[in-house]
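Let me begin by presenting the structure, written as structure tokens, before commenting on it.
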Amino acid sequence: MATYSNQHWLLSHIRNSFVSTDDTGMCETVMLSDDMPKHFLRKFQTATTTTDSYRRKALAPQRKSLPNRPTTSKNTDTATPTPLALLQSMGTGHSDPPLQEADFVCYPGLDLSDDEDLDTSTHSFDIQMYSEVGAHRFRSNTAQKLEKLDIAKRKAARIKSVNYNEEVLLPERKDFFKRKTVAPKQYRGEQTASTSTKKKSSDDELSDEGVRSKLSEQLAKSPKQVQNKFIEYARFDGTSQVGMQTKRINVYLNMLPEPDRNYPLKICVLSTAKIIEVIGFVCFKATNQYPEVPLKSVRHYALYMTEDNDDMEDFPPLDNREPCSKFGFSHLTLAERRPLPPVTRVDYHSNLVTKSMTSEEDKVNMAEAAVRALQNIDLNGGVADTGGSGNGNAHDKVREYEERMLSHNEMLEAPIYRTYRLSIIDKRFFKYDVTLGVSGERIEIDQHKNTKFWPQKKSVSTPIESVAHCEIVERRQLKALLRIWLKSSSSSTSSTCTSAPLTAGIPVPHAGSGSGGSGSAGTAHSPNSPGHYPQHASPFGFLSGLHHHHSHIRFKHYDFDTDLHTAEQINNKLNCILKMRSSDIRREFLQQRERKQEKQQAKKQLKL
Amino acid sequence: MEATEEQLILATGGYDHTIKVWQAHTGNCIKTMRFVDTSQVNALDRTPDKTRLAACGYQCIRLYDLESNSTTPVINFDGVQKNVTRLGFQEDGNWMFTAGEDHRVRIWDMISAPPHCSRVFDCQAPVNAACLHPNQVEIAMGSQNGGVYLWDVKSVAHEQLIPEMDASIQDVAISPDGHYMAAANNKGNCYIWSLNSSPSQQLSILKPKMKISAHSRYILRCKFSPDSRLLVTTSGDGTACLWKTEDFTKWRELSVENYWVWDVAFSADSKWLFTASSDGVARLWKLQTKSPERKYTGHTKAITALSFKDEIVAD
């Protein structure tokens with residue numbers, strides 16, 4: 001029992017128990033990065049190594065120790081010296097000792113357990129040997145085989161057996177083989193038929209003799225019935241398959257009316273059938289059984305995990321591509337496929353619902369939140385929610401909101417986390433491929449891992465509160481320049497970003513190139529030169545010095561290079577979020593800009 | 001299952017070791033029976049009283065009860081060697097014949113319990129096909145070495161013909177009116193003989209009538225329609241061809257492209273045709289329009305045999 005005080009043992013136990021008892025298949029998704037030490041080692045190496053040769057050397061022993069698992073600590077223990085020895089014998093010439101898996105083992109000290117015997121076990125009660133004391137003992141294979149044979153024997157007793165090779169025994173009855181005269185009616189029928197066909201020999205059709213078979217009659221009674229459109233899935237029927245593994249599943253049909261949907265459809269399907277084929281087969285059976293309930297195509301449906309009381313669980317549906325043998329469920333629910341965001345996030349800040357919308361209820365909540373946010377803006381009156389449109393009259397505004405309500409979906413989906421692949425423009429002309437993640441809580445910029453040439457930069461995460469505005473500053477045929485404005489306060493935002501101080505009298509580009517020189521510039525960029533992007537020499541930077549008294553908020557921006565479509569998507573999404581939040585930063589930003597524009601115009605007029 | 005009385009049943013069997021029973025007019029599968037794990041289904045036939053279904057395959061012959069819900073056979077033949085290629089019943093159900101690759105055609109007394117063998121004919125080559133004459137005492141046979149036989153089951157009297165050398169006879173058929181006998185081979189040729197019953201109650205007299213180059217490939221089955229006005233040949237070329245017995249010209253061609261058409265069955269009024277093909281689907285064709293009216297889907301592999309027993313309702 002000493003093991004219970006061993007945290008590592010407990011960790012390992014929990015893990016193994018999860019893996020061995022999970023029949024959802026989820027553990028595979030969750031534990032993709034199963035071999036943590038190796039995972040970390042590789043990650044670390046790719047991040048730090050600069051020469052290929054070194055990496056190759058490091059990988060070779062790593063491959064050798066592939067079967068190691070962190071949980072089977074004994075193995076790791078015995079295997080790890082090998083890579084170390086190998087590396088050292090190679091004499092890599094590096095001053096630092098090369099890293100190895102042992103440095104990353106998640107459960108160090110696991111093997112220090114007091115009980116030596118337990119080390120060989122798998123740390124899971126589900127995988128251990130059954131002792132015969134007190135525990136239920138599985139019947140041996142022989143016992144099961146014997147029972148099977150017994151059943152077969154009893155079955156065979158009911159089957160009459162005939163020896164194929166037995167002696168020929170001539171029939172006793174004399175009339176056993178009795179010659180019959182071929183039915184004269186048929187004969188006559190043939191005669192009349194031939195004469196009638198002769199009569200109209202030019203005709204390619206055989207005459208109707210007036211005979212009618214039972215089949216013709218039955219077919220006539222059931223006129224061209226609608227062929228079951230899922231007929232192609234009928235072949236996955238597992239009933240009475242010989243030599244093929246089958247699976248019996250009770251499937252609740254979510255689309256059926258009330259009484260029926262509480263009773264599962266019992267199906268028997270081939271184990272080799274993929275989930276999508278199981279769905280097809282369920283549809284096939286359902287169509288046969290409930291012809292009055294029209295079904296859509298198989299793509300519309302998904303199989304969800306279910307308790308046997310037909311309550312659907314909030315897990316994602318079973319993967320269409322997996323064979324059904326992989327899952328051990330006795331009960332499933334066939335339902336319309338629910339929309340699934342790329343990443344499901346749990347929202348800790350509850351003011352906006354950013355959870356994936358799994359039910360109609362959530363959608364309603366979301367819609368309400370959106371409406372509330374809009375009303376909020378309305379009540380705030382003067383809040384300009386589109387750049388510089390503050391002078392629109394109330395009527396226009398209402399219409400505008402109505403229009404926006406029409407793009408309901410856009411509103412609803414805005415806070416859902418989405419990622420985009422685009423390039424960030426760093427120091428005027430360097431471009432990196434990054435992933436921009438936008439959600440109702442934050443935006444994230446993460447440099448692509450496959451960017452080999454440039455050193456990996458830290459990802460940046462900015463809370464949505466610091467995001468001021470998003471705009472497309474340049475639209476071309478295929479390309480667009482997207483700009484996201486952020487509050488640049490030294491305390492709140494990450495220090496890795498270069499800032500374009502609005503209060504400084506100097507033009508923005510200079511500031512950018514100046515501070516952008518430091519290596520810690522992260523994924524930030526600096527604004528572009530006015531020559532390159534003329535619009536950037538905005539009155540904004542130019543005039544900012546004039547009203548730095550009004551505000552102490554400094555703004556900086558990221559520039560992204562992407563196609564127009566993506567740019568518009570991000571622009572809409574982000575501005576939608578900002579509008580719904582009616583953020584102060586944004587208001588401040590837009591007001592500043594407006595003032596600047598006014599003043600610039602005033603200046604122009606003065607010049608004129 | 002009173003279903004057998006009320007509804008018409010189509011039975012199919014194939015390479016997936018199962019026999020399926022279908023409601024003929026809807027295409028719904030009524031039940032599935034396991035055949036032998038090691039064998040395909042070579043041929044199916046129902047007893048004239050329609051209560052039992054006989055199936056044969058590699059080293060097995062089995063009879064299933066269609067009226068019970070049980071899917072296990074009621075009669076099983078032990079000690080069968082090689083493939084059993086055909087079986088069929090005498091019209092009263094008194095006896096059953098089986099043809100096998102053990103060179104023999106056997107007659108089984110089905111009245112006695114258990115059934116026992118009452119006659120044997122040795123073809124001296126694996127027998128691919130056998131068919132009962134409507135007079136119920138003569139059996140036509142086709143062997144792998146190209147021989148076509150006609151045997152009077154009461155005696156040892158028989159006739160042997162070899163229409164084509166180096167060809168294997170795949171199927172034989174006798175028209176229900178007793179006028180013609182057809183034998184189809186693996187070269188795609190179909191030979192027709194006219195049959196004339198002898199006045200002395202002896203073996204029918206065979207007269208070669210004609211040769212049809214029916215298909216470019218293997219012929220798998222040939223069958224006459226119940227009204228004897230049509231002959232159907234099915235082939236590995238993916239077609240089933242219907243020939244008018246009047247002059248043996250082609251009347252219709254049904255196509256299941258890229259698949260072998262293994263077996264066929266007519267409706268009693270000769271207006272419908274079931275086909276079994278290697279795509280695992282049985283089809284019901286309306287001959288007049290050549291249109292497939294029903295599909296029977298559910299087999300996971302090729303369907304190699306089917307059986308359908310229809311009846312005439314009224315004129």
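Among the numbered conditions (1) closer than 23 Å to A:GLU167 by Cβ; (2) within 20 Å of the chain's Cα centre (by Cα); (3) among the acidic types (Asp, Glu), the only one that B:ASP65 does not meet is (1). Report those strands (runs of 3 or more DSSP E) wholly inside the range B:24-86 carrying at least 2 residues which are basic (Lys, Arg) and touching a strand residue (DSSP E or B) at 6+ places or on another chain (Cβ under 8 Å). Where strands (runs of 3 or more DSSP E) fall fully within the range B:24-86 and carry at least 2 residues being basic (Lys, Arg) and touching a strand residue (DSSP E or B) at 6+ places or on another chain (Cβ under 8 Å), they are B:29-34.
Listed here are the residues, each with its yes/no results for (1) farther than 21 Å from A:ASP237 by Cα; (2) under 23 Å from the mean Cα position of the chain (by Cα); (3) away from chain B (no Cβ under 14 Å); (4) assigned to a helix (DSSP H, G or I).
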site	(1), (2), (3), (4)
A:MET255	yes, no, yes, no
A:PRO259	yes, no, yes, yes
A:GLY280	no, yes, no, yes
A:THR287	no, no, no, yes
A:LYS296	no, yes, yes, no
A:TYR304	no, yes, yes, no
A:LEU318	no, yes, yes, no
A:GLY328	no, yes, yes, no
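For the range B:157-187, a tally of residues being of a type in the set (A, V, I, L, M) and open to solvent by 10 Å² or more (accessible area, probe 1.4 Å) returns 5. State whether one or more residues within the range A:556-577 are of a type in the set (Lys, Arg) and in contact with a helix residue (DSSP H, G or I) (Cβ under 7 Å, 6 or more places away or on another chain). Checking the range A:556-577: not a single residue is of a type in the set (Lys, Arg) and in contact with a helix residue (DSSP H, G or I) (Cβ under 7 Å, 6 or more places away or on another chain). One residue stands out in the range A:192-240 among those that are open to solvent by 90 Å² or more (accessible area, probe 1.4 Å), at pLDDT below 75 and in a helix (DSSP H, G or I): the one that is farthest from the other protein chains (Cβ to nearest Cβ), namely A:LYS199. Within the range B:146-159, the set of residues being part of a loop (DSSP other than H, G, I, E, B) and either acidic (Asp, Glu) or more than 11 Å from chain A (Cβ to nearest Cβ) (or both) comprises B:GLY146, B:GLY147, B:VAL156, B:ALA157.
The single condition from (1) at pLDDT 90 or above; (2) within 7 Å of chain A (Cβ to nearest Cβ) that B:HIS116 fails is (1). Taking the listed residues B:VAL74, B:VAL105, the one that is under 24 Å from B:GLY13 (Cα atoms) and touching a helix residue (DSSP H, G or I) at 6+ places or on another chain (Cβ under 9 Å) is B:VAL74, with no other qualifying. Open to solvent by less than 10 Å² (accessible area, probe 1.4 Å), hydrophobic (A, V, I, L, M, F, W, C) and within 29 Å of A:PHE176 (Cβ to Cβ): does that describe B:TRP22? No: the conditions fail for B:TRP22. Checking the structure you have, find out if any residue of the range B:19-35 is within 16 Å of the chain's Cα centre (by Cα) and more than 9 Å from chain A (Cβ to nearest Cβ). Checking the range B:19-35: not a single residue is within 16 Å of the chain's Cα centre (by Cα) and more than 9 Å from chain A (Cβ to nearest Cβ). Here is a check on your reading of the model: is B:LEU66 touching a residue at least 24 places away in the same chain (Cβ under 8 Å), among the hydrophobic types (A, V, I, L, M, F, W, C), more than 16 Å from B:ALA113 (Cα to Cα) and in contact with a helix residue (DSSP H, G or I) (Cβ under 7 Å, 6 or more places away or on another chain)? Here the answer is yes, as B:LEU66 does meet what is asked. Mind checking whether some residue in the range B:203-216 is outside any strand (DSSP E or B) and out of contact with any Gly (no Cβ under 9 Å at 6 or more places or on another chain)? Within the range B:203-216 (the criterion being outside any strand (DSSP E or B) and out of contact with any Gly (no Cβ under 9 Å at 6 or more places or on another chain)), the answer is yes, since at least one residue qualifies.
When B:HIS133 is tested against (1) open to solvent by 20 Å² or more (accessible area, probe 1.4 Å); (2) facing chain A (nearest Cβ under 9 Å), only condition (1) is not met. Looking only at residues of the range B:89-105 that are more than 16 Å from the chain's Cα centre (by Cα) and in a strand (DSSP E or B), we find that the one that is nearest to the other protein chains (Cβ to nearest Cβ) is B:TRP95. If you filter the range B:256-315 down to residues that are part of a strand (DSSP E or B) and of a type in the set (Asp, Glu), you find that the one that is nearest to the other protein chains (Cβ to nearest Cβ) is B:GLU293. If the condition is being within 14 Å of chain A (Cβ to nearest Cβ) and of a type in the set (Val, Ile, Thr), then the range B:160-200 contributes only B:ILE174.
The values are calculated or read from the model by the stated rules, or taken from the named source; none is laboratory data. Everything numeric in this text was worked out from a predicted model, so none of it was measured. Note: ideal-geometry Cβ built from the backbone for every residue, glycine included; neighbour counts use all protein chains shown. Please note that ligands, DNA and RNA were not included when accessible areas were found on the heavy atoms of the full protein model with its side chains. Shrake-Rupley method; radii C 1.70, N 1.55, O 1.52, S 1.80 Å.
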